Amino acid sequence: MEQINRSISYAEAVERMFMKTKSIYFLFGVFASAFLKSLFMAVTYPSKSDYILFHSEGKPHLFFIFLGTLLLLDALVIWLILRPKAIGFWLALASIAVSKLEEFTALQIALRNNDLIKQLFIEQREARGRLMDDNALRMTDVLFSPTGLYAGFFLMLAGSLLVLLVLWRNRDYFFKSYIWR
């Protein structure tokens, strides 16, 4: 009987380890994709709507501060997922916080420059060869209304809350690894 209980607890331990591994891969993928997105934005910034929005407010330096900070934080988090240390958990939290701050700042600028953001969307859509018919124009009006912009922000916030939940549930990956080293 005792033998069976040990094998069940061993099986549970293996299952938990497998779930932990999948969630660490998830975190790695999230921060790697954020890093690559920021890197791509650093290379192609003049054509990016975030840069154009910040520039329209006379604050392109703020765009570069956010971009540089996110590049650095995401690169460090990726490294510290591969070589876990306690600081990796805190840097991951900082990366998420800076990302949300940048998105909130861009939202506030977009709300003040609603016509500009609509025009940028239309230009980018037409550059990809997609024509703007009446339905697309109505969709643009809905998407870039204040309600649409807030809805988009809250959807991104919900995604970040999911990442925060996974990060929180895996905090021991960073802290226990730090203690053992």
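The values are calculated or read from the model by the stated rules, or taken from the named source; none is laboratory data. Note that the structure is a prediction, hence the values are computed from the model and not measured. Neighbour counts are summed over all protein chains in view; Cβ atoms, including those assigned to glycine, are modelled from backbone coordinates with ideal geometry. Protein only, heavy atoms only, side chains kept; ligands, DNA and RNA dropped before computing areas. Shrake-Rupley method; radii C 1.70, N 1.55, O 1.52, S 1.80 Å.
Please calculate the 1.4 Å probe accessible area of Glu103, with all protein chains present, and give it to the nearest 10 Å².
Solvent-accessible area, nearest 10 Å²: 30 Å².
Of the listed values [x] 41, 16, 13; [y] 41, 20, 13; [z] 26, 19, 15, identify the label whose number matches semi-axes √(5λ) of the Cα gyration tensor in Å calculated from this model.
Recomputing semi-axes √(5λ) of the Cα gyration tensor in Å here picks out [y].
Using alpha-carbon pairs under 8 Å, 6+ residues apart, how would you state the relative contact order of the chain in percent?
27 percent
Divide by every residue of the chain the summed helix terms, -39500 (n - 2.57) for each DSSP H run of at least 4, and state the resulting mean residue ellipticity at 222 nm, rounded to the nearest 500 deg cm²/dmol. Present the calculation step by step, with values, prior to reporting the outcome.
On the way: 8 runs with 159 residues, N = 181.
Counting only the DSSP helices, I get -30000 deg cm²/dmol.
Taking the full set of protein chains and a 1.4 angstrom probe, give the accessible area of Tyr173 in square angstrom, rounded to the nearest 10.
In the full protein context, Tyr173 sits at about 60 Å².
Quote the FRET efficiency, to the nearest 0.05, computed for Ser160 versus Ala42 with a Förster distance R0 of 22 Å and r equal to the Cβ-Cβ distance.
Plugging the Cβ-Cβ distance into 1/(1 + (r/R0)^6) gives 0.55.
Taking loop as defined by DSSP and a crowding limit of 14 other beta carbons within 10 Å, which trypsin sites (Lys or Arg not before Pro) in segment 111-165 fit?
Sites meeting the loop and neighbour criteria: Arg128, Arg130.
Which whole-number value in Å² is the accessible area per residue of the chain, probe 1.4 Å?
Value returned for the chain: 64 Å² of accessible area per residue.
Could you tell me the center-to-center distance, by alpha carbons, between segment 87-117 and segment 48-79 in angstrom?
9 Å
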